[in-house]
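A short reminder: the numbers here are calculations on the coordinates, not readings from a lab. Everything numeric in this text was worked out from a predicted model, so none of it was measured. Cβ coordinates were reconstructed from backbone atoms using ideal geometry, including for glycine residues, and neighbour counts include every protein chain displayed.
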Amino acid sequence: MQNKKTLSNVWSCRIFRLKIENTGHLPNELTVETIKQSHRSYPQNPIMATTLYKIGFLKSWGTGVSRMVEACKAVGLPEPEYGTDGLFVWITFKRPESREKSIQKTPQKTPQKTPQKILKLIEDNPKITTQEMASAIGIDRSNVARNIRKLQSCGIIRRVGPDKGGHWEIVQDNFAFQCEK
């Protein structure tokens, strides 16, 4: 897990992998290499497993691993990885690698940042709505609203009048967007 501090002192969390670990060991008949193959079920607690099966919580015996693999494939995630050290058993889910690669394959960096795009839109049409800005820039409305709040808190723009019928004013021209409020 990696944490990154943003300018607004809000912590964001980016998960690159999720590891679930439990004490115990695999049955002698299974290894991390054979667990994905068809096999008998070896419940650690047969009474609990039977109860969960009878109330419908478990679909069938011995299908959990293959269902997790299929669920990951269905949403474009890599197959989970299994591991054991004799005292613990774990499963690790990873983010798709293609997501990171697609970011690197971007042909060029966007020439304008979102705040500059918003300012250009306001300059062209002071009565523009946040929804129209979102559509023009190609981002969601909440992202536009967050950038507008930042521009307002830095004293770069202000709203005159109500949401309906009002307009935007650019207070500072030719600014360097480095406000840290």
Point to revise | residue 146/residue 18 FRET efficiency (R0 22 Å; Cβ-Cβ; nearest 0.05) | key: 0.20
Practice item. Once you have a ≥ b ≥ c as the square roots of the Cα gyration tensor eigenvalues for the stretch 51-96, tell me rounded if a/c is under 1.5, and otherwise prolate or oblate according to whether a/b is larger than b/c. Key: oblate
Practice item. Among the listed pairs 94/150; 113/164; 19/73; 54/94; 94/117, give every one whose C-alpha distance is greater than 23 Å. Key: 94/150; 113/164; 54/94; 94/117
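Answer rounded, prolate or oblate for the stretch 114-170, using the Cα gyration tensor with square roots of eigenvalues a ≥ b ≥ c: rounded when a/c is under 1.5, else prolate when a/b is larger than b/c, else oblate.
rounded
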Review point. Label residue 57 and residue 74 with points 7 Å out from Cα along Cα→Cβ: what is the distance between them in nm?
Key: 2.1 nm
